[in-house]
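Here the structure comes first, spelled out in structure tokens, and everything after it is commentary.
The values are calculated or read from the model by the stated rules, or taken from the named source; none is laboratory data. Small disclaimer: the values here were computed from a predicted structure and weren't measured. Cβ placement follows ideal geometry from the backbone for every residue including glycine, while neighbour counts extend to all protein chains displayed. Side chains included, ligands, DNA and RNA excluded: accessible areas come from the protein's heavy atoms. Shrake-Rupley method; radii C 1.70, N 1.55, O 1.52, S 1.80 Å.
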Amino acid sequence: PLNVQGAYDSAKNAYDKAAALSPTNPQIPYIVAQLDIANSDAAGAEDALKQAVSLKQDYKAAIFLLSQLYVQDGNVKDALASAEAAAYFTPTDPNVLFQLGVLRAASNDLPGAAAALEAAVAANAQFANARYFLAAVLAKQGDTKDALTQMQAIAAFSAENATAVASQIAALQAGNN
């Protein structure tokens, strides 16, 4: 981030040497992927993340980062597959479940999206973004009553939240999506 001349190359060389000394360590390609992302090399990051996952199939951090990389690339199909893999290995991580829910909604799997977002809220009841997206999915499915419950919960977190979702609450109270 500081754009120090040669820093990326030096770091990459150091991690290449570390990988040669410890070729089965999945953290090394994971860190290399982070370096590649910082250096705007998405293809290199993808390759490194795939290598990390091949070394440790349940490496949630690598799977989740790969999913985020796919999202940035607009590849919803592969992002969803990666998010589902991450959720399989960490079924109670609210952030993974949230991303899974958003990706399922983007794929028009509304029941699947609702299930993932409900699990995210169950894992962290204060997760306002998960509640918001859950309310949106529920409303889209025609369940304005449960959508309203989620919006009211968000409003109860703070006065700022109450102001932010006031128009959505009013619409849902009127039975509108």
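Quick one: count up the residues across segment 123-137 that are assigned to a loop (DSSP other than H, G, I, E, B) and either crowded, with 16+ Cβ neighbours inside 10 Å or touching a strand residue (DSSP E or B) at 6+ places or on another chain (Cβ under 6 Å) (or both). Lay out the reasoning, then the answer.
Residues of segment 123-137 that are assigned to a loop (DSSP other than H, G, I, E, B), as a first pass: 124-127.
Next cut, either crowded, with 16+ Cβ neighbours inside 10 Å or touching a strand residue (DSSP E or B) at 6+ places or on another chain (Cβ under 6 Å) (or both) only: 124, 127.
Final tally of qualifying residues: 2.
Can you name the condition, by its number, that ASN25 falls short on among (1) outside any helix (DSSP H, G or I); (2) under 14 Å from the mean Cα position of the chain (by Cα)?
(2)
Is it the case that some residue within segment 85-97 is farther than 30 Å from PHE64 by Cα, out of contact with any Gly (no Cβ under 6 Å at 6 or more places or on another chain), open to solvent by less than 40 Å² (accessible area, probe 1.4 Å) and touching a residue at least 12 places away in the same chain (Cβ under 8 Å)?
So in segment 85-97, the residues farther than 30 Å from PHE64 by Cα come out as none.
The answer is no, given that none of the residues of segment 85-97 is farther than 30 Å from PHE64 by Cα, out of contact with any Gly (no Cβ under 6 Å at 6 or more places or on another chain), open to solvent by less than 40 Å² (accessible area, probe 1.4 Å) and touching a residue at least 12 places away in the same chain (Cβ under 8 Å).
Only one of ALA62, ALA79, ALA106, ALA164 is out of contact with any strand residue (DSSP E or B) (no Cβ under 9 Å at 6 or more places or on another chain), at pLDDT 95 or above and small (Gly, Ala, Ser); which? Break it down stepwise before answering.
Details: ALA62 fails: at pLDDT 95 or above; ALA79 fails: at pLDDT 95 or above; ALA106 fails: at pLDDT 95 or above.
Selected residue: ALA164, the only one of ALA62, ALA79, ALA106, ALA164 that is out of contact with any strand residue (DSSP E or B) (no Cβ under 9 Å at 6 or more places or on another chain), at pLDDT 95 or above and small (Gly, Ala, Ser).
Residue under question is ALA81, and the condition is that it be within 17 Å of LYS60 (Cα to Cα), hydrophobic (A, V, I, L, M, F, W, C) and open to solvent by 30 Å² or more (accessible area, probe 1.4 Å); does it hold? Walk me through how you get there before you give the answer.
Details: within 17 Å of LYS60 (Cα to Cα): yes; hydrophobic (A, V, I, L, M, F, W, C): yes; open to solvent by 30 Å² or more (accessible area, probe 1.4 Å): yes.
Yes: the conditions hold for ALA81.
On the given criteria, is PHE64 touching an Asp or Glu at 6+ places or on another chain (Cβ under 9 Å) and either open to solvent by 30 Å² or more (accessible area, probe 1.4 Å) or closer than 20 Å to ALA130 by Cα (or both)? Please lay out each step first, then the result.
Values: touching an Asp or Glu at 6+ places or on another chain (Cβ under 9 Å): yes; either open to solvent by 30 Å² or more (accessible area, probe 1.4 Å) or closer than 20 Å to ALA130 by Cα (or both): yes.
For PHE64, the condition - touching an Asp or Glu at 6+ places or on another chain (Cβ under 9 Å) and either open to solvent by 30 Å² or more (accessible area, probe 1.4 Å) or closer than 20 Å to ALA130 by Cα (or both) - is met.
Restricted to segment 138-177, and to residues that are charged (D, E, K, R) and within 19 Å of GLU118 (Cβ to Cβ), which residue is surrounded by the fewest Cβ atoms within 10 Å (Cβ to Cβ)? Write out each step before concluding.
Just the residues of segment 138-177 that are charged (D, E, K, R), to begin with: 140, 143, 145-146, 160.
Filter once more, so that each one left must be within 19 Å of GLU118 (Cβ to Cβ): 140, 143, 145-146.
On the way: LYS140: 15, ASP143: 17, LYS145: 11, ASP146: 17.
Here the answer is LYS145.
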